[in-house]
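Reviewing the structure listed below.
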Amino acid sequence: MTTGTLYALCGLGLFGIGLGGIILRTHLLHKIIATNVISSGVFLVLVALADRTRGGRPDPVPHAMVLTGIVVAISATALALGLLRRFYRETGRCRLPEPGSLAPGSLAPGSLERWSPERRSEGGDAEKGNAEKGNGEKGNAEKGNAEKGNAEKGNAEKGNGGEASGGKGDGCRTW
Amino acid sequence: MPDLVIVAPILVPLVAGVVAYVAGRLRRGVAIAVAVLQLPLACGLAWEVLRRGPLHYEVGGWSAPLGIQLYADGLTALMICMASIVELAVGVYALGYFEWTERESQPSDHTPPGPSATGPAATGTTTSESAKRSRGGSFWPLSLLLAGSLNGLFLSGDIFNLYISLELLTLAAVGLIGLAASLDALAAALRYLLIAVVGSLFYLLGVSFLYSLYGTLDWQQLAMRFEFDFVSRCAIVLLVLGLLVKAALFPLHFWLPAAHGSAPSPASALLSGLVLKAAFFVILRLWFEVFPHPRLALAGQLLGGLGAAAILWGSLQAIRQRRLKLLVAYSSVAQIGYLFLVFALASDPAVAWNAWSGTAYFMLSHACAKSAAFLAVGSLQLAARGGEIEDVTGAAADHPVTVYAFALAGVGLMGLPPSGGFVAKWLLLRAALESHQVGLAIVMLAGGVLAVGYVFRVLGRAFAATDGAPQRPIPRLMQWTPLVLALVSVGLGLVALQPLELLRIGAPFAPSSSAQSAGLSEQAGLGEQAGLGEQAGLGEQAGANP
Amino acid sequence: MTLLDGLSLLSIASGCFFFVAGSVGMLRLPDAFTRLHALTKADSAGLGLLVLGLGLQADSWWTVLRLLLIWLLVLLSSATTCHLIAQSALRRGAALRRGDNDE
Amino acid sequence: MRGGRKTADRTENTDEGIRSKAYSHREVSTMSPVLWILDALFCASLLGLAWQTLRTRDLFKAIVLYIVFGLMMAMAWARLDAPDVALVEAAIGAGVTGVLLLSTLGTLSAARGEGSQRGGAFASAVPVAGLVTGLVGCLVGVLAVAVWQLPVESPGLSAAVEARQEESGTSNPVTAVLLNFRAYDTLLELTVLLLAVLGAEVLAGSEAAGSEAAEGGVAAQETAPRQETGPRQETGPRQETGPRQETGTRQGPDAQQERPPAADRDPVLRGFVRLVAPAMIVVAGYVLWIGGEAPGGAFPSGAVLAAMSFLLMLARAEEGPRLSRRGGRWILVAGLIVFWGVGIAMLAAERRFLEYPVPAAKGLVLLIEAVAAVSIAATLVALYRGGRLVRRPRRTVDSEFRS
């Protein structure tokens, strides 16, 4: 086995580990790290396979490709982290809801509970729950503003009514 | 100068995107000017391709294995025309959209804060106001960069360059979804970003296998050197799997409805109309022009089967939706299914041309119809102050133009004559029947019937008697642009000959002229077989001597 | 193997020993401050010995100079980082207890 | 075996010292069993680190492990004769990514005043996890067989690159590929960076009622204005900043340590920065310049500059030259503008797009790289700061910019 093959296999291993991580880990920061592990793996395969050239010189083309790839990866990572911070700031959580459960129309009546409360307790720490509760209150207050934008009914009941309308199946509101 | 024809569709929007990023208040003007300019550029490219056959351009003057090659054939030209039409319409619509949303939300910002909004919140609103303006402003550079990346992807002759283009599209799409700033949009954008990045990495791993096997990244050289061995098959699986995620084929579509349903409407139109097509375009290219091999037929059947499943599943979900934009987004899931039927159909060489050209035409007409539908729905939603289908009750009375636009777009989605969707489905159906894949034909018909179902769910509400509250007025731009785009999608059925002739150039299948002309003349009701034959002959000639 | 090689080998080996010791200390020592102590030992002494060993092997003074420069920079930055971490640990009251996530 | 490849054929027209540093392992890379075992150990530790990174529940630990992983990757690149990649991986892959991850973790855990945050459980029950592991394992297994079956030698393009090296205007083959043979890729790559900045800016800046809110139904869950009450607030560092954020830049890589703004009165850090920052500028210039001949170039150089900026921010010494927001934007896109400008100039000179005339190639490559390095550094800083290079706009600039 040549060095190239060895490192290519290692890259595949990283690819697999990252893939498992992105599927199985729930915390978004973990998922983002996992994508970076996957990309490291792919880059390693790319260079390691091209390491086996005839002439004896390493092939610069894959090196350039990996350089490009690293830059693309950091761009995507930075964007994902920006999204995560924003998402956290607005929801107090670091996990994606189940696909579709947040999309208001497709939310079955019971499905909101399916992911919010149990996930909330799953971190195992009370502080998080508190953080979210505080957040939720703030969210309600805030909703007053948002809905004024919508409905131009701009009065106080509307702000409070947000909670009631949450029952309509709107995933975000009951937080 | 003919060389410029192939570079300009990439150069102009990308440079304009950079300019729009720094230009401050000029950005809107820049964006619109470029959107208008792109249409003649795309037509120029199509004309050159028609005249000279497939075009090659070596960027930097380095020939293929070392440098990057741009390549334009009929399919590329058609895609670029498609993109420029949709981008123009979306750009014009967005002018009205962002101006209007800013204007509409401003008064509420200035109203005295309610009991919930205390002092700090009030300062918060001023912050938010400027943020909002700049956010509407970010649409322009993002959409320009998106347009440039799309054209770059369609023109690219290099599989690594395709990877970068795909990533550009992903990041631009995420930015566009993020413009909506709603929580749904954030979650959808995050999910889309993670999934799309992993998809790209699958693709890149496939690229690395191919490169280490064949020592080239140029797909035409790859096509010449390609051997169907085990490693290559692994590479095919990786490439196609990565792209399937981005094209949202049925079991991998789960990110799509939320992402397209929560983006701002102009962005949804771009994403559903164009970005999905880009990933599919790459699969189409690679599958039929790089890896064509009889033993791919089985995998093709699998993809076709998934496509059929997507048609049924997406349509049924669309019918079940309560929200307008999700309905349209699920319709995209279904329509993507039609595109994938080609992999099952084209395994029979006799019908391959019909299936392939039908699919390409389907991309074109679906891009127009779906974008029009999203734009129309966006207008209706704004007018109705709500995104539920219920909310548009009676919209036809207040906004007849918009409702009419949605209906026309629906005609395209359902594939009724004389729309472009009809031509495409007709070609696909013929291919299915002639290759005795009756199941697929039935699914196609069922998909059409189901599309009638979901389109009429909206139309039914729109035409229902209203219960009083009149809807808000919306700017003219936002009423007429969807209508024009929808008219284009319908009109595509009447001018099908020219695009199909364009497609012929550099096509992977020699058109079996008898089936082709018979099919076309029947559906288009033109009956000028002789003329068509002539045109076809010309097209072939043009293709032969570039 | 010349004397120079031998010296170089010795120096590199002892440098590696410092690194191993530093890592073990990092893992085994009970609180932030003692761990920092272990780490900076590895940084300064271990790296210094490595640089010495490599410098003996270098073929030009220019290279030796650059190796020394590297060492100097690492010394500077590790001292600063150590200072900052210790300060922040102090402020957080993490002193002298087993911290799981302090450094 | 890699024994066959040696340095004999390198055109040695550059500083011998650098060569011997950068490629020194080549002499010993004949595949001896000892070396093989070392390689295998190295790969195993890479895999182990990745595994631990994704397995641990403590996110802080995960990030630190990831940074270590990135540094190990850099060594792997060096081992694979890819010193250019090693430089960029160490600087960007490990360094900047690590900074971004840590600062994000800071924002996340600052909300709860904790130093670290639990990563939470795995997604699913054991059978599902088993299924996923099995599937991924199968995929990797099949791919491994494919890798195993690859011919021992790959065709590659090194010969082609070597043949045209003379015309490329640079004697570092990787730079030649990046900035000449495949310059178009690099141009698009810079566009990717711009898109990331744009996206980050959209996300960080859009605090307001979204357009969808006006559109109606789509639940516009609006964020609190920044001055919210609630548990997140008593924290020190905040990462996100709106256009008016006045709190400056307390957060740094160690933001989660909840440091009061002590750096102002911290003489050690200030002294260190004062010493190191100029040196880093010199290094960045050197790396850029040497990129024409040896490992280096715009990306590592930009990363060094960005690292310097992070340091300056950490020491709160970043005031420096005053910039308007628009000025910041110009810096961010300067690299792209020059790159496009060169490409278009070539078109105007009746050449192909990005086809440099051979005598001018060296100068053009250097020009593009120099400007690109600054833009890359600016971009990395901007990504760290939520899409803006300039954090504290003066009001006038802000209002002027509102269109």
How many square angstrom of accessible surface are buried between B and A, both sides summed, with a 1.4 Å probe and rounding to 100? 4200 Å²
Under 12 Å by backbone N from the virtual spin label 7 Å along Cα-to-Cβ at B:Ala350, the residues of the range B:426-463 are B:431-437
If you take the Cα atoms of the range D:67-110, find Rg, then find the Kirkwood Rh from the mean of 1/r over all pairs, what is Rg/Rh? 1.15
Give me the percent of the accessible area of the range B:293-482 that comes from carbon and sulfur atoms, probe 1.4 Å, all protein chains in place. 69 percent
Net charge within 11 Å of D:Arg352 by Cβ-Cβ distance, Lys/Arg positive one each and Asp/Glu negative one each, not counting D:Arg352 itself? -3
Among C:Leu49, C:Leu68, C:Leu39, the residue with the largest mean-square fluctuation in a Gaussian network model of chain C built from Cα contacts under 10 Å is C:Leu68
Estimated Rh, the range B:360-439: Kirkwood, alpha-carbon pairs, angstrom: 13.8 Å
Report the local net charge at B:Ala462: Lys and Arg +1, Asp and Glu -1, summed over other residues whose C-beta lies under 13 Å from its C-beta. -2
Counting helices only, and only those DSSP H runs with n ≥ 4, report the 222 nm mean residue ellipticity of chain B as the sum of -39,500 (n - 2.57) divided by its residues, in deg cm²/dmol to the nearest 500. -26000 deg cm²/dmol
What pairs from B:Lys246/D:Lys362; B:Lys325/B:Lys425; B:Lys246/D:Lys61; B:Lys277/D:Lys362; A:Lys31/C:Lys41 go past 28 Å between their alpha carbons? B:Lys246/D:Lys362; B:Lys246/D:Lys61; B:Lys277/D:Lys362; A:Lys31/C:Lys41
Around B:Leu276 (Cβ within 10 Å, Cβ-to-Cβ, excluding B:Leu276; K/R +1, D/E -1) the net charge comes to +3
Based on the Cβ-Cβ distance from D:Glu153 to C:Thr2, what FRET efficiency comes out when R0 is 35 Å, to the nearest 0.05? 0.40
Give me the accessible area per residue for chain B, probe 1.4 Å, as a whole number in Å². 28 Å²
Once both label points are put 7 Å beyond Cα along the C-beta direction, the D:Met75-C:Val24 separation in nm becomes 1.9 nm
For D:Val282 and C:Leu75, FRET efficiency with R0 = 22 Å and r from the beta-carbon atoms, rounded to 0.05? 0.75
Distance in nm between pseudo-label sites at B:His56 and B:Phe254 (7 Å out along the Cβ direction from Cα): 4.5 nm
FRET efficiency for D:Leu367 and D:Leu131, using Cβ-Cβ distance with R0 set to 41 Å, rounded to 0.05: 0.15
Estimated distance in nm for a label pair at B:Leu302 and C:Leu65, the labels positioned 7 Å out from Cα along Cα-to-Cβ: 6.2 nm
Give the interface area between chains B and D as buried accessible surface, both sides summed, probe 1.4 Å, in Å² to the nearest 100. 7100 Å²
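The values are calculated or read from the model by the stated rules, or taken from the named source; none is laboratory data. Because the structure is a prediction, the values reported are computed rather than measured. Neighbour counts run over all protein chains shown; Cβ positions are idealised from the backbone, glycine included. Keep in mind that these areas ignore ligands, DNA and RNA; they rest on the heavy atoms of the full protein, side chains included. Shrake-Rupley method; radii C 1.70, N 1.55, O 1.52, S 1.80 Å.
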